[in-house]
1. If the requirement is being open to solvent by less than 50 Å² (accessible area, probe 1.4 Å), farther than 29 Å from residue 167 by Cβ and out of contact with any helix residue (DSSP H, G or I) (no Cβ under 6 Å at 6 or more places or on another chain), which of these qualifies: 126, 131?
2. I'm checking my understanding of the structure. Among residues of region 398-408 that are surrounded by fewer than 21 Cβ atoms within 10 Å (Cβ to Cβ) and in contact with a strand residue (DSSP E or B) (Cβ under 9 Å, 6 or more places away or on another chain), which one is farthest from residue 511 (Cα to Cα)?
3. Which residue pairs have Cβ atoms under 6 Å apart, sit 6 or more places apart or on different chains, and have a first residue in region 629-646 that is under 25 Å from residue 547 (Cβ atoms) and a second that is open to solvent by 60 Å² or more (accessible area, probe 1.4 Å)?
4. Do you know which residues across region 477-494 are open to solvent by 10 Å² or more (accessible area, probe 1.4 Å) and more than 17 Å from residue 382 (Cα to Cα)?
5. Where in region 39-84 are there strands (runs of 3 or more DSSP E), lying wholly inside it, with at least 1 residues that are more than 20 Å from the chain's Cα centre (by Cα)?
6. Out of everything in region 241-267 that is without any contact (Cβ under 8 Å) to a residue 60 or more places away in the chain and touching a helix residue (DSSP H, G or I) at 6+ places or on another chain (Cβ under 7 Å), what residue ends up being nearest to residue 316 (Cα to Cα)?
7. Condition test on residue 238, is it touching a residue at least 60 places away in the same chain (Cβ under 8 Å), open to solvent by 40 Å² or more (accessible area, probe 1.4 Å) and of a type outside the set (Gly, Ala, Ser)?
8. Identify the single condition in (1) under 30 Å from the mean Cα position of the chain (by Cα); (2) of a type in the set (Ser, Thr, Tyr); (3) open to solvent by 60 Å² or more (accessible area, probe 1.4 Å) that residue 395 does not satisfy, given that it satisfies every other one.
Amino acid sequence: MSAIYLIKNSLRLAMISINNLTISFTGKDLFKNISFVINPKDRIGLTGKNGAGKSTLLKIISKETEPDKGGVSMPSETTIGYLPQQIVYPEGKNVIEETLTAFSQVNSLKEEIEKLNSQLLEREDYHSGEYLKIIDKLHIAQEKFTMLGGDTSQADTEKVLKGLGFLQSDFTRSVETFSGGWRMRIELAKILLKRPDVFLLDEPTNHLDIESIQWLEDFLKDYHGAVVLISHDRTFLDSITKRTIEISAGKIYDYKAAYSEYEILRVERREQQFSAFTNQQKMIKDTKDFINRFRYQATKAVQVQSRIKQLAKVERIEIDEEDFSNLSFRFPPAPRSGTLVVETKNLTQRYGENLPTVLENLYLTIERGEKIAFVGKNGQGKSTLVKLIIGELEYEGSLKVGHNVKIGYYAQNQDEHLDENKTVFETLDDVAVGDVRTKIRDILGQFLFGGEDIDKKVFVLSGGERARLALAKLMLEPYNLLILDEPTNHLDMRSKDILKQALMNYDGTLAVVSHDRHFLQDLVGKIYEFADKTIKQHSGDIQLFLQKKQLDKLGNIAKKNILKAKPEKQKSVAKSPANSKEIYQRRKIADKNIRRIQKKVEQAEKEIEDLENKIQEAEKRLASGEEIKDGTFYDEFEANKKTLIVKMTDWEIYNQQVEELGAEKEKIRS
């Protein structure tokens, strides 16, 4: 039996067992006697309300925290890669040096291999048992070294860093020069490169842009080990997980389903649970009534004692009360603004003479009623443009805010702008004016601040509570342009859904910076992509935008393959005339087929461009507020959007055909 088989088999059999875990905080059980198993290659999403114990459970599994009772058992060779929300970042190295520290085990194996090779060189007893043992150890070490990426550590490191959004020029920069979000990416890269048996990831997408999230999705989907993650990104969870474990009222509920399917199954379970809870409460009440009624009657003494014992044995059904609370609100009606809300011409922004330009020669028009999204990699200028629009930064060129435009702004770090020494109520009361002051309690109630919550100091609030409080401040005045920079960062699933619905019902203009694909889907009708100091406009929703981005990537790959397929100058090789003629004919046919399919690619591109223009014109008419009397307008609008998806799919197929034909031609040439 080979050493590589033994190693792979040990990984395949690795399993983590969580046994009767109990942990309490401030005298209350966070969870009690919970048990489940993490199987090899499991893809598990942990869910539950904020404070339910999700992060604590990951800490226990990773041995960062000890439970009050119970334990976690796993084979001794099992390795875990744990990414917490809060990280103490190392200093003193550049990006590539710090990331390469992930290969400490590989480096140890390298030293072991060198040591074993030295031992073999010193021995001549080639057939002895001791010599064969050293040979066996060497084989195991070498194969493990290869499995852990020892032969490709530098290339793998660069690949992962680029996947997470770093540029080649970033590799030699000191880690201290990066923000906390980028340093978290370095830590994530190190964990991915360690190739553990189990990933435990706590909100890994919090500081990632859409492209990096998609790259991480692909990485985790193809990974050989198990993945357990906490995330408020529904699309990310649906893409990766196949199992959902909910923590609720100190118990766990295990579903063999991804998040969206789990939500449906959970409603069914909650209905059954609530029905059982109602029936049990009635039984308990009836039993107590019987005991109280006949407690002092001697003829009923035996029955009373029997009911008392029966009641004591009843295992109470608990319902998580917060699951019944609903965050529901509407933004105030937007005052009417001019048709032109924001317009920029030749807009340029740089942070200083010796610093690089962030945005250059930007042309942008936002019209009344539009709902748009700013997307792109971090550091490409999305938040910078937002700050330019609200007047926080200096700029060159022209930036015009339209007539009667009133801007409501939610900053990415809005919660940090709250006065921590004020109460929840004071936070709103200090800025409210006029009649709205009488509605402060109602507004706070809509954001789940009720009863004693309104007297809490801001410094004791969680990140999600602070985010809700900051959003509540936007309710104090009617705005007709809402600019929201990463508004969902600290919100749970339910809060995000309610915010999204409120924004869909909002009758003003919306510009939102977000990397949450599910949040953006159906909310915005136009995407502005930030890259290379400028922006590119895309009509349609986020799904259409991402499909087109994927097709662009496939198109670039196809073009590269076509270039590779072009005949290169070769040294003359003697061939028979018949063979040369046959090769010439086959290559001629291949060229003809490639040209034929390329014409289809060009035709599809033209049709796609025409359809995008038609859709864009239709969206402008819808945004202008004009009365549309043409009965076929909406049917044509929807038909064009559907046709666009079909044409883009055709374009992808044609490019794949070109790629395949190019590969065939390359074979003929060789």
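1. Only one candidate qualifies: 131.
2. The selected residue is 398.
3. 640/614
4. If the condition is that a residue be open to solvent by 10 Å² or more (accessible area, probe 1.4 Å) and more than 17 Å from residue 382 (Cα to Cα), then 477, 478, 479, 490, 492, 493, 494 are the ones that fit.
5. Filter on region 39-84 gives 69-73, 80-83.
6. 253
7. Considered against the rule, which asks whether it is touching a residue at least 60 places away in the same chain (Cβ under 8 Å), open to solvent by 40 Å² or more (accessible area, probe 1.4 Å) and of a type outside the set (Gly, Ala, Ser), residue 238 comes out as no.
8. Just one mismatch for residue 395, condition (1).
The values are calculated or read from the model by the stated rules, or taken from the named source; none is laboratory data. From a predicted model like this one, the values you see are computed outputs, not experimental measurements. Because the Cβ atoms are built from the backbone with ideal geometry, glycine has one as well, and the counts that use them run over all protein chains shown. We work out accessible area using only protein heavy atoms, side chains counted, and drop any ligands, DNA or RNA first. Shrake-Rupley method; radii C 1.70, N 1.55, O 1.52, S 1.80 Å.
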